[in-house]
Amino acid sequence: MVLRRCSTKVLYVPQGVRAANLACGAYYTKLRRCTSAPDCTVLVLVVLGMLKATSNKVDRGIPQGSPLSPLLFVIYVRALHPEIEHSDIFTSSYVDDFQITVASTSWYRNTKILEERIQRMNSTAAGLGLSFSLAKTELMHWRKPKEKGERSECTVMFQSHVIEPARKAVKWLGFWLTDNGETSTHFGKRLAHAQAAFIRIQRLSMPGKGLNPYGARRLAKGIILPTLLYGAEIFDLTVTMIGKMQTFWNRVLRWITNSFYATNTTVVSAEACLAPIKLYAKQAREMTAVQITTAVPKNNIATAMLPGGYPLVEEYRYPTNRRQAFDNNKGGMRPKTWNSTATTTAQVRLPIDEVGAIAAGN
């Protein structure tokens with residue numbers, strides 16, 4: 001279940017918070033002074049390139065759009081993340097977007113666990129002066145990839161309102177998540193976004209005028225490619241979707257090189273110095289796997305959810321219920337370890353195991 005966007009706009013600086021040297025993009029923010037008094041004053045100096053902006057005195061809260069906002073908000077809502085959770089509940093958030101995942105033996109039991117967890121979170125948030133947006137709250141019942149039959153219609157009560165399950169997909173952090181884990185819905189939307197961006201960018205370089213090929217290539221690699229492959233780090237691309245993306249990518253390559261439609265795509269790719277989509281997706285997946293498996297478990301929850309036998313810099317693991325959903329005693333599939341392969345249809349390698357296997361070269 002996804003709870004989104006707390007409605008509170010003003011965020012107070014908590015007592016004892018001190019920060020300095022926060023870098024974000026092209027500008028640099030330095031927190032010059034922050035006292036622990038209730039009426040603390042924050043002086044923010046913004047430096048852009050070689051130009052200095054005038055100092056802005058903030059008597060209450062922080063300027064809107066400041067890169068300090070997400071950091072302070074995470075500290076402020078820490079109470080919404082209990083130190084020890086029940087084994088069948090997993091809660092995580094990205095700034096003001098929260099998700100709650102539960103696993104049990106039935107859909108009905110899942111909804112009851114969700115309702116109880118939501119009630120506690122809502123009460124805690126009210127004590128902090130925050131509230132969750134009911135209109136942006138979504139519910140999804142997860143299924144196995146090959147599971148057939150009707151979807152669960154079990155609902156959840158939230159703030160005296162009935163939350164019904166999403167019919168096809170829910171969006172969280174830019175990812176379109178379906179109940180059976182298929183990725184065509186997500187990448188279909190990414191392809192549509194990339195095509196829309198290309199139509200606008202294409203106007204900057206018409207045949208014989210506008211940007212030179214080098215400038216067009218930089219736009220394609222800096223805007224179109226990240227838009228197209230957002231999510232390829234963790235989602236598998238189907239053969240059909242790779243074909244659709246490659247067809248569109250060939251259009252981009254012809255625009256960069258100003259070549260004919262009949263020109264061989266291998267030659268166009270080499271001339272534009274841009275690889276096929278399949279290679280970029282593989283590179284993104286492998287680099288992400290390496291980043292996750294080499295991070296400190298206490299600093300990265302994905303790293304902390306790797307299997308206990310996986311070699312990490314620390315032995316810490318996050319207590320999770322991710323394997324209970326595949327317990328053979330509950331009629332599910334038996335999970336395999338990160339360094340082994342499934343040999344029957346009753347066995348499965350979980351997504352986080354796949355990450356470890358990719359990083360290890362298995």
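Calculate log10 I(q)/I(0) of the stretch 78-164 for q = 0.11, 0.18, 0.25 Å⁻¹, where I(q) comes from the Debye formula with a single equal point scatterer on each Cα and nothing for solvent.
-0.33, -0.86, -1.52
Per q in 0.10, 0.22 1/Å, what log10 I(q)/I(0) does a Debye calculation on the alpha-carbon atoms of the stretch 134-223 return?
The computed values of log10 I(q)/I(0) come out as -0.47, -1.08.
Please sort by residue number the trypsin sites (Lys or Arg not before Pro) in the stretch 139-216 whose DSSP state is loop and whose Cβ has at most 13 other Cβ atoms within 10 Å. Write out the running numbers ahead of the final one.
On the way: sites: ARG143, LYS146, LYS148, ARG151, ARG167, LYS168, LYS171, LYS189, ARG190, ARG200, ARG203, LYS209; in loops: ARG143, LYS146, LYS148, ARG151, ARG167, LYS168, ARG203, LYS209.
Those satisfying the criteria are LYS146, LYS148, ARG167, LYS168, ARG203, LYS209.
On the full set of protein chains, 1.4 Å probe, figure out the accessible area of ASP88 and give it in Å² to the nearest 10.
Counting only protein heavy atoms, the figure is 20 Å².
Calculate, for the stretch 229-277, the solvent-accessible area per residue in square angstrom, rolling a 1.4 angstrom probe over the heavy atoms of the protein chains.
With all protein chains present, the stretch 229-277 gives 54 Å² per residue.
Report the Rg/Rh value for the stretch 69-122, based on alpha-carbon coordinates and the Kirkwood definition of Rh.
When Rh is taken as the Kirkwood radius, the ratio is 1.02.
Give the residue list of chymotrypsin sites (Phe, Trp or Tyr not before Pro) in the stretch 230-292 that are DSSP loop and have at most 15 other beta-carbon atoms within 10 angstrom. The partial results should precede the final answer.
Working: sites: TYR230, PHE235, PHE248, TRP249, TRP255, PHE260, TYR261, TYR280; in loops: TYR230, PHE235, PHE260, TYR261.
Those satisfying the criteria are PHE260, TYR261.
Counting only protein heavy atoms and using a 1.4 Å probe, what share of the accessible area of the stretch 219-295 belongs to carbon plus sulfur, as a whole percent?
62
When the Kirkwood hydrodynamic radius is evaluated over all pairs of different C-alpha atoms of the stretch 241-299, what value in angstrom, to one decimal, is obtained? It would help to have the intermediate numbers written out before the result.
Numbers: mean 1/r = 0.0758 Å⁻¹.
Evaluated over the stretch 241-299, this radius sits at 13.2 Å.
Restricting the calculation to Cα positions, tell me the Rg (one decimal) and the Dmax (whole number) of the stretch 94-243 in Å.
Over the stretch 94-243's Cα set, Rg and Dmax evaluate to 20.6, 65 Å.
Can you give the net charge of the other residues whose Cβ lies under 11 Å from the Cβ of TRP142, counting K and R as +1 and D and E as -1?
After counting each charged neighbour, the total is +1.
How big is the convex hull of the Cα atoms of the stretch 162-289, per residue, in Å³? Mind showing how you got there, number by number?
Values: hull volume 15.8 nm³, N = 128.
For the stretch 162-289, the hull spanned by Cα atoms encloses 123 Å³ per residue.
The values are calculated or read from the model by the stated rules, or taken from the named source; none is laboratory data. What you see is a predicted model; the values in this text were computed from it and never measured. Because the Cβ atoms are built from the backbone with ideal geometry, glycine has one as well, and the counts that use them run over all protein chains shown. Surface accessibility is based on the protein's heavy atoms, side chains included, excluding ligands, DNA and RNA. Shrake-Rupley method; radii C 1.70, N 1.55, O 1.52, S 1.80 Å.
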